[in-house]
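Participant: Quick one: structure below, then a few questions.
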Amino acid sequence: MLRFIVRRLLVTIPTILVVITITWGLIKLAPGSFYSGEKRLPPAIEKAIREKYGLDKPWYQQYGKTIWSIVRHGDFGTSLRYEGQSVNTIIRRSLPVSAAIGILAYLLALIVGVTAGSIAALKQNSRWDYASMTLAMLGISVPNFVLGPILVLVFSLSLYWLPPSRWGGFPSRNLILPVLTLSAIYMAYIARLARAGMLEVLRSDYIRTARAKGLSERDVVIKHALRGGLMPVVSYTGPALAFLLTGTVVVERIFALPGLGNYFIQASLNRDEPLIIGIVAFIAITLLLMNLLVDIAYAYLDPRVRYH
Amino acid sequence: MSKQKQIIMLFLLASVSIAALSCSATSDKDPFFGKTAPPAKNVFRYVSGDEPESLDPAISNGQPEARIYMALYDGLVEYDAKTLEPRPALAERWQANNDSSEFKFYLRHNGRFSNGDPIDANDFVYSFRRALKKETASRNAYLSYYIKYAQAFNEQRVFVRDPQTGQFLNAKDFDDTTPPEPLAGTPLDTAKDEYSSSGQHAENEPDSDFHKQLHAPLRLTLPGDAKARNKALDADPKLKAAVAGKELVPVKAEDIGVEAIDNYTLRISLLQPAPFFTGLLAHQLYRVVPHKAIEKYGSQWTQPQNIVSSGPFKVKTWQPYDKLVLERDPMYWDAATVKLDEIHFYPMSDNPTIMNLYKVGEIDAVLNHTVPNAWLEVVKVKQDYMDGPEAAIDYLLINVTQPPMNDVRVRKAFNYAIDKNAWATWRKIVKPLTAFTPEGIFPGYPQPKGDQFNPEEARRLLGEAGYPVTKKADGSYSCPKFPVDQVEYIYNTQESNKAMAEWMQAQWKQNLGITISLRNMEWKTFLNVRAKLEYKGFSRGAWSADYMDPFTFLSLFYTGGENGTGWLDPKYVAMLDDANRTLDPKKRYELLAKAEKFLLDAQPMIPIDTAAINWVKKPYVKGMYPNPGSLFPWKYVYIERDPSKWDYGTPSLTAD
């Protein structure tokens, strides 16, 4: 197991470097620069800006400097757009916001999704099943940029119950709408995954054996069925949680939250090279780590799976 | 099954009624848009636009930052809340010399930074020099190029000195286009009073060596970069011969025409007469910054724990992308006038999100251009809607370097074919524009009239250019010979730009029978394509004033490389130069108007409209006026709790 983890971690490093290199290349290929605006700058001023940020150097020097400071110091440099703010500080500051919203949304999705999915599977073809699957279908088909504004329209603008946007710290009432908006689609997916997984497991031999043993229905479901039935949910959790943790562009924008996703989209629009690279690398690392965690979790949940 | 269907039906009904409920809630008959309860504390909450790039006033050239800088930093002068004219700030008063080429500013003695350090003339000298330093890389540096040797220093040019005599070479000996010396550039003559007609008693200080040095003909400067310099020298044998054997002296910060005569008197010497110069001084580039903090912390000096400011407010907390909280600065010289305890700037850029926050009463005012097109129907009739012209225009740039748009008749035809009045009516808030300066913004400016909507003339001109327009049996037009594949309309991806593009496309189709293809692209890509003239035909353009003078618009075509059309005419440049050398403001305006007319006749662009300010503020926000620059001296803004004193409608810019 330990060997497996070490091996996976070692593979992570070149992967990250490739991701950084590709990102760097794409930014260099993208037209425009961080300082360009409706008012075009006089050439001398443009030159001074390029010199100040080292953009006048040959490409291999710029690339080398970027990679070296990342590898040697774990330092992604200073934002071009936001004078004097280091990329590492920006990530440190915005990660908690994204993570708070993401984790809450995923917990909510997990609780509601697993419950609804399991009930639907246990009472297959009942009104519960149909109701929860209809809602799940809606959750999947209504995109969050539609759901968010509808929730704001109802709960903020019509009923004046909840604030329509902005970060209010943790915990605060400002969290409710973004978390609901964000969790809807995950809730729906999880409900469907849980239902499918449970249905399959409930038909399997070991559940029949458990029932035949005379276990109560409660024990059969909670102790035996859930463990196997939730395997699909677990493998889904890895990438889903990685994306939720590192910020969701649309929800953070609709609700004006100072999270990673908001920074990411603005950094791309602003051609803020160090910030883009920093956030991409961070997302890649998170994604790889989450997948690793899922693989480890798998091994514990399913005795048949062992890594060598 | 039937029960399940009932459940689904119930669910659908519920969602429909929710939607209905929300609709009824937005179309109410309230006089204001949303809640009007003033905030509990004496705090003003404002959405300033995009996240500020920096709190350093030398760095950013954006409007969102300009508003924040106005709270944090004071200048020699401050914008008038209504007219944006310069009003005394750290300078109590000033004097211009007889041709407005030199200014003396008399500073108040009680100016203080937020850490208690006094502000004197040396701080301004430091701030101006710093703004022009190459290492600062200020994007606004060009705004101070009127100051003598400012551009030469900013561009790191060099003087040429004869090592034997110690004399510098003068510009006018080598360049015929060098303007005649202004008073500030002629040798000092103690017998004549340079400041005599200013109406005030002239105060004579002993003349410093530096002042005498400035009062001399403009020195020749050459590029500091050897490669560029050699190129310039090779192109001019006479210059090359004169420079040979001479020494090159880099232009230093100390050479710029800015001098502290004493601790509280500042003198600024210009390259040319510039009667509008004091109007420029309220710009962020000229606001005073703390010498000590900058030297100590470098680029980190604007971080909340390090920052020292000079304005009516100082930084309390700063959470980037969330909020910037400023509090009243007790050290500020005019702290007694400051009415608010705090200002909260919220960086937000999604207009519907901003408007929602405004509606529920969590913010008190929003930045300009915030009410989305689709909301205007509802919001424009409310009494908290700010209606008024902006010192900004929308226009179309034309790439004049390629056929068929290199033919002025074709360009004129496309201009004649747009019904700008109909456009303005459709857009609801803008004003139709036929000239290149915004209408109704510069009092006393005899703005020339451009060509009005005239589809017959448009068709005639196209025919003359070799693209005859024929009328079809159904009454529509066609122009089969026009090379539609050689012309396109590009714009940056945004709903309102798309609407404008489609509107123009329809006009040309209807009146000329020509269908121009539209191409949208991401903002920075668009800027790049436009700047490099990699487009054919038309490109969307918008321009807003840097300062309150028509020249801020007309100067767009003053240099060729930067206007995105490829059009440059030395005659036009000469006309502008002539105007700016004219001392009488009225005569100067007339000459500028003549130049504008010349530009309109050449038609390297199509003016579309004078933009509208288009923002909202709660009626209890007072002292904040819908001026054409959307720039607000924050010290006058306050929260009025008595509804009888509220603003019901857009406050007047002329009444007291």
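Read-outs: derived from the displayed coordinates by stated rules, not from any lab. Here the structure is a predicted model, which means the values were calculated and not measured. For neighbour counting, all protein chains shown are included, and Cβ atoms are generated from backbone atoms with ideal geometry for every residue, glycine included.
Participant: May I ask for the distance between the Cα centers of the stretch A:23-40 and the stretch A:162-221, given as a whole number of Å?
Facilitator: 44 Å
Participant: Another question, if that's okay. Let's see if you can work this out: charge +1 on each Lys and Arg Cβ, -1 on each Asp and Glu Cβ, no other charges. What is the dipole magnitude of the stretch B:425-536 about its Cα centre, in debye to the nearest 20?
Facilitator: Working: 16 positive and 12 negative charges, 16 e Å.
Taking the Cα centre of the stretch B:425-536 as origin, the dipole is about 80 debye.
Participant: Just need the relative contact order of chain A here, percent rounded to a whole number, with Cα pairs under 8 Å and 6+ apart. It would help to have the intermediate numbers written out before the result.
Facilitator: Details: 374 pairs, mean separation 83.8, N = 308.
Worked out over chain A, it gives 27 percent.
Participant: Can I ask one more? At a Förster distance of 30 Å, what's the computed FRET efficiency of B:Asp173 paired with B:Tyr558, Cβ-Cβ distance as r, to 0.05?
Facilitator: On the way: r = 25 Å, r/R0 = 0.83.
The pair B:Asp173/B:Tyr558 has a calculated efficiency of 0.75.
Participant: Please compute the length gained on full extension between B:Asn263 and B:Ser644, using 0.36 nm multiplied by the number of residues separating them and subtracting their Cα-Cα distance. Don't skip to the end; give the middle numbers.
Facilitator: Numbers: separation 381, 0.36 × 381 = 137.16 nm, distance 4.72 nm.
Difference between extended and current length: 132.4 nm.
Participant: What distance in nm separates the simple spin-label points at B:Asn42 and A:Arg127, each placed 7 Å from Cα in the Cβ direction?
Facilitator: Placing both labels 7 Å beyond Cα along the Cβ direction yields 6.1 nm.
Participant: Under the rule of at least 5 residues apart or a separate chain, name every residue whose amide H is placed under 5 Å from the amide H of B:Met521.
Facilitator: Distant-sequence amide H within range of B:Met521: B:Tyr491, B:Asn492, B:Thr493.
Participant: Just check chain B against the gyration tensor rule for me: Cα atoms, a ≥ b ≥ c as the square roots of the eigenvalues, rounded for a/c under 1.5, and otherwise prolate or oblate depending on whether a/b exceeds b/c. Don't skip to the answer; put the middle values down first.
Facilitator: Values: a/c = 2.05, a/b = 1.21, b/c = 1.69.
Oblate is the answer for chain B, as a/c is 1.5 or above yet b/c matches or exceeds a/b.
Participant: Compute the length gained on full extension between B:Ala574 and B:Gln303: take 0.36 nm times their separation in residues and subtract their Cα-Cα distance, giving the result in nm to one decimal.
Facilitator: Between B:Ala574 and B:Gln303, full extension yields 93.0 nm more.
Participant: Here's something else I'd like to know. Check every DSSP H run in chain A and write down those whose alpha carbon atoms cover 27 angstrom or more along the long axis and whose mean Kyte-Doolittle hydropathy is 1.6 or greater. Show your work: numbers first, answer last.
Facilitator: Numbers: long enough: A:2-29 (41 Å, 1.65); A:87-122 (49 Å, 1.63); A:176-202 (36 Å, 1.44); A:273-301 (42 Å, 2.00).
Counting only whole DSSP H runs, the qualifying helices are A:2-29, A:87-122, A:273-301.
Participant: Can you give me the span-like helices of chain B, meaning DSSP H runs with 20 Å or more of Cα extent along the axis and Kyte-Doolittle mean at or above 0.0?
Facilitator: Working: long enough: B:2-26 (37 Å, 1.11); B:495-512 (25 Å, -1.22); B:585-602 (26 Å, -0.56).
In chain B, the long hydrophobic H runs are B:2-26.
Participant: Hey, another quick one. Peptide A:255-266: average number of partner chain Cβ atoms within 10 Å per residue? List each step's numbers first, then the result.
Facilitator: On the way: counts 3, 12, 2, 7, 2, 0, 0, 5, 3, 0, 0, 5.
Rounded to a whole number, the mean comes out at 3.
Participant: What pairs from B:Lys431/B:Lys571; A:Lys47/B:Lys133; A:Lys57/B:Lys227; B:Lys29/B:Lys382 go past 19 Å between their alpha carbons?
Facilitator: Values: B:Lys431/B:Lys571 30 Å; A:Lys47/B:Lys133 13 Å; A:Lys57/B:Lys227 17 Å; B:Lys29/B:Lys382 9 Å.
Check vs 19 Å cut-off fails for B:Lys431/B:Lys571.
Participant: While we're here: B:Gln164 label point, 7 Å along Cα→Cβ, cut-off 16 Å on backbone N: hits in the stretch B:217-241?
Facilitator: From the stretch B:217-241, the list is B:241.
Participant: Neighbouring Cβ atoms within 10 Å as the yardstick, rank B:Phe526, A:Phe255 fewest first. List each step's numbers first, then the result.
Facilitator: Working: B:Phe526 23, A:Phe255 28.
Sorted ascending by nearby Cβ count, the order is B:Phe526, A:Phe255.
Participant: Between A:Leu55 and A:Leu215, take the C-beta separation as r, use R0 = 60 Å, and let me know the FRET efficiency to the nearest 0.05. It would help to have the intermediate numbers written out before the result.
Facilitator: Numbers: r = 69 Å, r/R0 = 1.15.
Once the sixth-power term is evaluated, E becomes 0.30.
Participant: Beyond a 18 Å Cα-Cα separation, which of these cross-linked pairs lie in this structure: B:Lys252/B:Lys292; B:Lys449/B:Lys597; B:Lys292/B:Lys635; A:Lys39/B:Lys380? Can you show the working numbers first?
Facilitator: Numbers: B:Lys252/B:Lys292 21 Å; B:Lys449/B:Lys597 8 Å; B:Lys292/B:Lys635 26 Å; A:Lys39/B:Lys380 30 Å.
Check vs 18 Å cut-off fails for B:Lys252/B:Lys292; B:Lys292/B:Lys635; A:Lys39/B:Lys380.
Participant: Right, another one. Would you mind ranking B:Asp56, B:Asp334, B:Asp189 by Cβ crowding within 10 Å, fewest neighbours first?
Facilitator: Working: B:Asp56 25, B:Asp334 16, B:Asp189 9.
Lowest to highest Cβ neighbour count: B:Asp189, B:Asp334, B:Asp56.
Participant: Shielding by partners for B:353-365, please: the mean number of other protein chain Cβ atoms within 10 Å of each residue's Cβ. Mind dumping the intermediate values first?
Facilitator: Values: counts 10, 3, 2, 11, 7, 1, 4, 8, 1, 5, 1, 0, 0.
For peptide B:353-365, the averaged partner shielding equals 4.
Participant: As an exercise, use a Förster radius of 35 Å and the Cβ-Cβ distance of B:Ser652 and B:Lys594 to find the FRET efficiency, rounded to the nearest 0.05.
Facilitator: Given R0 = 35 Å and the Cβ-Cβ separation, E is 0.60.
Participant: Label-point separation (nm) for A:Thr89 and A:Ile150, each offset 7 Å from Cα along Cα-to-Cβ?
Facilitator: If labels sit at A:Thr89 and A:Ile150, their model points lie 4.2 nm apart.
Participant: Mind checking B:176-184 for the average number of partner chain beta-carbons within 10 Å of each residue's beta-carbon?
Facilitator: Numbers: counts 0, 0, 0, 0, 0, 0, 0, 0, 0.
Partner-chain Cβ atoms within 10 Å, mean over residues of B:176-184: 0.
Participant: I've got another one for you. Which order do the peptides B:172-183, B:321-332, A:145-156 take when ranked by the mean count of other beta-carbon atoms within 10 Å per residue, highest first?
Facilitator: On the way: B:172-183: 14.6, B:321-332: 20.3, A:145-156: 18.6.
Top of the packing list down: B:321-332, A:145-156, B:172-183.
Participant: How do A:Trp128, B:Trp615, A:Trp24 line up, fewest other C-beta atoms within 10 Å first? Kindly include the intermediate steps, with their values, before the conclusion.
Facilitator: Details: A:Trp128 15, B:Trp615 23, A:Trp24 20.
Ascending number of Cβ neighbours within 10 Å: A:Trp128, A:Trp24, B:Trp615.
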